[in-house]
Every structure is written in C-alpha cells, then in structure tokens.
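Below you'll find the structure, written out as structure tokens, and then a few comments.
The values are calculated or read from the model by the stated rules, or taken from the named source; none is laboratory data. Note that the coordinates shown come from a computational prediction; the quantities given were computed from them, not determined experimentally. FYI the Cβ positions are ideal-geometry reconstructions off the backbone, even for glycines, and counts take in every protein chain you see. Please note that ligands, DNA and RNA were not included when accessible areas were found on the heavy atoms of the full protein model with its side chains. Shrake-Rupley method; radii C 1.70, N 1.55, O 1.52, S 1.80 Å.
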Amino acid sequence: ACILDAPARRPRGPPPSGSGSDSDPMRGGRAGGGGTLPAPPARCIPAGAADHAPQQRRRAASDLEEEAWALLRESVVSYCGSPVGTIAACDPNDSSPLNYDQVFIRDFVPSGIAFLLKGEYDIVRNFILHTLQLQSWEKTMDCHSPGQGLMPASFKVRVVPLEGDEEGATEEVLDPDFGEAAIGRVAPVDSGLWWIILLRAYGKCSGDLSFHERIDVQTGIKLILKLCLADGFDMFPTLLVTDGSCMMDRRMGIHGHPLEIQSLFYSALLCAREMLTPEDGSADLIRALNNRLMALSFHIREYYWLDKRKLNEIYRYKTEEYSYDAVNKFNIYPDQIPPWLVEWIPPEGGYLIGNLQPAHMDFRFFSLGNLWSIVSSLATTRQSHAILDLVEAKWSDLVAEMPLKICYPALEDQEWKYITGSDPKNTPWSYHNAGSWPTLLWQLTVACIKMNRPEIAARAVEVAERRISTDKWPEYYDTKRGRFIGKQARLFQTWSIAGFLVAKLLLENPEKSRILCNNEDEEFANAFNLMADSCNPNRKRGRKAPKKTYIV
Ligand code: GLC
C-alpha cells in the first residue's frame with residue numbers, strides 16, 4: 001500500500017524561518033497550530049506611506065513571496081508518494097472543512113502555473129495524468145450517467161483497507177466528485193476546459209512537447225471536445241450550461257450562456273487545436289472545432305459587447321422584429337437596462353456582458369470572463385484594451401481595497417431573493433455576489449501583460465500586498481470596497497496564495513505569460529471583419545475574403 005503523506009489535516013506551522021526578523025512588531029500571529037515558531041510577516045504598508053521606502057518595500061515583498069511559497073508547499077497533496085495537487089484551503093481553525101480539503105481542478109490551475117514558472121514540472125504532470133484517469137471513471141447520479149469526457153470538480157486521496165488483506169494493510173485511492181456530492185449538485189463544466197489549458201501550459205513551459213501526443217492524453221482531449229461539441233437543441237454557438245457550472249459554483253443566475261464558460265471554452269478549443277495530432281479519425285472533430293471557434297468569436301464579439309454607444313443603441317431598440325435581418329435579434333426590451341448601468345458605463349472603455357439569452361441580457365460585469373476573453377483573444381484587440389480601460393476607470397468599484405471583484409454590482413433585495421434563492425452565503429457584496437477574490441489577480445496579470453499594460457496589474461498586486469498576509473490569505477473579501485475578510489471565507493485559501501505568486505512571477509518575467517495566451521487567428525480576424533462589415537451600413541470595401549466558408 002502507498003503511504004499518504006500530505007492530505008491529512010494538521011495544525012499549521014508557519015513557513016520555514018529565514019524570511020526576515022522575528023522580532024518585527026508588525027508581524028501578525030497565526031491562529032492555531034505550532035505556536036512556538038515565529039509567525040509570518042504582516043504586511044502593513046499604508047497607501048502613500050510606502051513611497052519613501054522603496055528598498056524596505058522590495059524586501060517586504062520578497063518576504064511575502066517566501067511566505068506564500070511555504071504555504072503553497074504545505075498545501076501539496078501526495079498520492080502514492082508523488083505530489084498530485086494542492087488542497088483548496090488549509091485553515092487550521094476550520095472545524096467543518098466541507099470539501100475544502102479536496103484538490104479542486106480549477107483551484108489547482110494557479111498552483112500548477114506557479115510550480116511551472118518555478119521549474120517544478122512533476123506535480124503538474126502528475127495532476128494532469130491522474131485527473132485523466134478520473135475522467136474515465138464510471139460516474140452516476142441517481143442512476144444517471146453524465147457524458148464521458150466530464151472531468152471532476154475535485155478529488156480526494158482516501159486511505160482504504162486493502163481488499164482481501166487480513167493484516168489491516170491500507171492503500172490509497174483517488175476519490176473524485178463530479179458534482180454528485182457537491183453542494184447543489186453542480187456540474188463542473190469548467191474543469192475539462194481548465195485541464196486542456198493547463199496541459200498546453202505544461203508543454204510550453206516544460207518543453208516536454210511530446211507529452212500531449214500520448215494516446216491517453218489525446219483521448220482525454222478528444223473526449224472533452226466531443227462532450228462540448230455535441231449537438232443539442234442550441235441555436236447559439238455558445239455553450240449552454242446550468243447555473244453554478246464554473247467558479248461561481250452555486251446559484252447566481254448565470255445559467256444559460258455565461259461569459260466565463262464561453263471564454264474558457266474558446267481558449268480550450270484553441271489550445272486543443274494546437275495539441276491534437278492529425279490522424280484520419282480526427283478530421284471531422286477538427287472541422288467542427290474550427291466552425292465553432294469562428295461562430296463563437298463572432299457571436300461574443302458582436303452580441304456580448306457593451307460600451308456607451310452600444311448601450312444607447314439598446315436603449316433605442318425597437319422590439320418584436322420578425323425577420324432575418326432584425327437589429328434587435330434577441331428581442332431585448334430596453335426597459336431591462338438597469339438604472340445603475342446608465343450611470344456606471346464610462347465614456348471610454350467597455351466590457352462583455354455576463355450572459356445573453358432570448359429577451360435577456362445579464363448586464364453585470366464578470367471579471368474572470370472578461371479577463372480570459374482578453375487572454376484567449378476571444379475579445380478583439382480594441383475590445384481588450386477597452387476592457388482594461390474600464391478596469392482603470394472603475395478601479396474604486398472593481399479593485400478598491402482588495403482585488404478583484406468577482407462581478408459587479410451585487411444582486412440586492414428582491415433580485416437577490418429570487419435569483420440566489422435567498423442564499424445567506426451570497427448576500428450582497430459577499431462571496432459570489434460581488435465579493436472580492438484575491439485569486440483573480442493572476443488572470444488580471446496575464447491579461448494586462450498580454451495587452452502590454454502590466455502597470456495595471458502591478459498596481460493591483462500592491463493593493464493586495466498591503467494586507468493579504470496579515471489577513472491570512474482569505475478566500476474572499478466582503479463589502480462594496482472589499483474592506484472585510486469574507487463572512488464565511490476560508491483562511492489560507494490556496495488559490496489566493498497561488499494567484500498572488502503567479503501575478504508576482506509573471507510581472508517579473510512577463511514573457512512567460514505566453515504559456516497561457518492565445519493569439520488572434522488571422523483567418524478568423526479577417527472573416528470576422530467581413531461579417532461585421534456586412535452588418536454595418538457604412539461598410540468598408542475591399543477586405544480579403546476568408547478562404548473557408550463559416551456558418552454562423
Ligand atoms: C468555492 C468557489 C469555487 C472553488 C471552491 C474551492 O466553492 O466558489 O470556485 O473551486 O470554493 O475553493
């Protein structure tokens with residue numbers, strides 16, 4: 001039997017010493033655990049006060065990174081003696097960890113990237129291969145089996161008695177959760193998409209480019225693609241999902257075609273296209289993939305985009321248009337434009353809305369979907385800059401005292417009641433309902449670096465540095481300005497720690513962010529311009545026609 005060496009919950013000791021003076025009066029203690037060893041350094045740099053002490057600030061920042069590394073290493077989970085992932089949170093005072101003691105696929109992505117950037121490839125490789133085995137697990141919920149390519153939301157290493165052994169020997173097994181035990185029984189649609197994105201990043205960073213050519217890995221990619229590209233009742237190229245199928249893994253009114261899933265879907269399709277080895281059987285799949293990419297980018301760029309000009313257009317929409325060339329294709333009633341938006345939309349800048357359905361636009365700003373649309377080139381270059389312009393213009397709403405708001409604004413009163421089902425964890429300006437999530441720093445950083453505007457991310461990292469360690473690396477923050485540690489937030493949340501590390505590492509080595517970015521496909525860009533032109537009465541003439549025909 002293998003020996004389990006990490007996932008057991010233990011009181012947390014501080015990181016190894018050597019990260020500065022122990023007698024520093026500004027140091028924060030850490031609840032629980034150890035006690036005898038020095039506590040990690042507290043970050044206490046008030047706004048504006050740090051400018052006269054750049055050296056001190058640099059040292060403080062490197063102490064912080066050292067602490068983060070120590071914490072990240074403590075969260076590593078081993079299986080049969082090898083590291084396979086990181087536990088979601090290691091909060092020593094948490095008496096009911098629920099499933100935070102598991103390895104979540106989406107949560108591991110920033111951990112994996114941090115390890116890749118540090119040149120530690122094994123944990124990522126092991127993670128990819130073990131989760132791949134879980135993909136083909138026999139999964140059922142109430143006698144129903146979901147599609148074959150599904151990746152679990154999370155898994156746990158369990159120690160079980162070795163079958164047939166009378167001496168009491170044990171063995172380790174991986175126990176996945178595909179949503180059949182998760183709160184709300186949510187299907188983790190994003191897991192497989194993140195898995196493909198991480199797989200590509202692994203190859204690019206480690207140089208192990210033949211890894212994705214393994215038959216089992218190729219089969220894994222294809223199973224995910226087949227599940228996503230399967231025909232359904234859909235009229236839209238966007239992926240149709242239930243509420244809670246991504247980072248917001250509980251009811252938040254994002255069922256349908258949420259932006260986060262679409263941006264990850266687009267990114268995963270591009271990554272998969274790069275990695276699929278050409279063979280006779282895959283021609284149809286690649287054709288379907290290309291068609292979907294084209295249709296998806298057109299749909300999102302054209303119909304999800306919102307800026308002041310577009311909002312004014314929606315405000316003046318005619319409704320009930322029955323025709324192929326309707327302007328208001330989705331029959332949006334202008335009355336649904338929320339009053340906050342009329343004030344909020346900046347004169348410059350814009351963003352992709354959260355969701356689009358017949359007669360429904362979710363006008364909330366969702367950070368992850370917008371940032372990943374930049375990273376994956378789902379948004380055009382102009383749109384990508386405009387999204388970052390908006391982040392800058394709305395800094396006090398989106399970053400404020402802790403980066404970054406998961407969405408803006410919060411659902412309140414009756415809307416909160418109906419949409420969340422009166423969820424007490426998702427009260428206004430908390431958790432998924434416009435709480436602030438430090439983990440989102442890493443996606444912000446990749447997006448800013450891609451657009452050659454790293455200073456925006458650097459500013460946000462500085463904001464986080466002021467208190468994230470003193471606050472014990474919370475999962476999320478509450479209130480409009482992210483002032484309080486979240487009501488039910490876990491402390492020592494691994495992806496808060498890893499997200500911070502990835503942001504720091506990428507700002508030091510911006511060129512490394514290419515392991516995550518997708519460049520605009522020129523052929524698609526051409527085709528897109530042509531299609532956009534054909535919808536525009538002042539169209540420009542003479543653009544090159546695409547070589548292929550795409551059905552949108
Ligand atoms: C919460 C988050 C989810 C995350 C999980 C583990 O449920 O909403 O995105 O994966 O915690 O950290």
Counting only heavy atoms of the protein chains, get the accessible area per residue of the chain (1.4 Å probe) and round it to a whole Å² value.
44
Can you classify region 245-334 as rounded, prolate or oblate using the Cα gyration tensor, where a ≥ b ≥ c are the square roots of its eigenvalues, rounded means a/c under 1.5, and otherwise it's prolate if a/b beats b/c and oblate if not?
prolate
Calculate, in nm to one decimal, what L98 and E511 gain on full extension: separation in residues at 0.36 nm each, minus their alpha carbon distance.
144.8 nm
Relative to the longest principal axis of the chain, what angle (0 to 90°, nearest 10) does the C-alpha long axis of helix 215-229 take?
50
A525/V159 FRET efficiency (R0 45 Å; Cβ-Cβ; nearest 0.05)
0.30
What's the extension gain from Q133 to E412 if we count 0.36 nm per residue and subtract their Cα-Cα distance?
96.2 nm
Crossing angle, helix 494-508 versus the chain [Cα axis fit, 0-90 degrees, rounded to tens]:
70
Residues whose placed amide H lies under 5 Å from that of A379, excluding near-sequence neighbours
I374
1/(1 + (r/R0)^6) with r = Cβ-Cβ of K310 and A230, R0 = 45 Å, i.e. FRET efficiency to nearest 0.05, evaluates to 0.90
How would you classify region 145-190 from its alpha-carbon gyration tensor, with a ≥ b ≥ c the square roots of the eigenvalues: rounded for a/c under 1.5, else prolate if a/b is greater than b/c, otherwise oblate?
prolate
Suppose each label sits 7 Å from its Cα in the direction of the beta carbon; what would the Y324-K487 distance come out to in nanometres?
5.3
Mind pulling the per residue volume of the convex hull built on the Cα atoms of the chain? Å³ is fine.
172
List the residues whose amide H sits under 5 Å from the amide H of T86, counting only those 5 or more places along or on another chain, with H placed 1.01 Å from N in the peptide plane.
V77
In whole percent, how big is the carbon plus sulfur part of the accessible area of the chain, probe 1.4 Å, protein atoms only?
51
Under a 5 Å amide H to amide H cut-off, with H placed in plane at 1.01 Å, what residues pair with F365 once short-range neighbours are removed?
Y408
With each run of n ≥ 4 DSSP H residues scored as -39500 (n - 2.57), what mean residue ellipticity at 222 nm is computed for the chain after dividing by its residue count and rounding to the nearest 500 deg cm²/dmol?
-12000 deg cm²/dmol
Report the number of Lys pairs in region 384-499 whose alpha-carbons are under 19 Å apart, with separation of 8 or more residues or on distinct chains.
12
Could you rank the peptides 381-390, 412-421 by their average count of other C-beta atoms within 10 Å per residue, with the highest value first?
381-390, 412-421
Mind running the shape call on region 124-268? Use the C-alpha gyration tensor, a ≥ b ≥ c as the square roots of the eigenvalues: rounded below 1.5 for a/c, prolate if a/b tops b/c, oblate otherwise.
oblate
Using a Förster distance of 56 Å, the FRET efficiency for S82-N452 (Cβ separation, nearest 0.05):
0.90
So how do 156-165, 75-84 stack up, highest first, on mean other-Cβ count within 10 Å?
75-84, 156-165
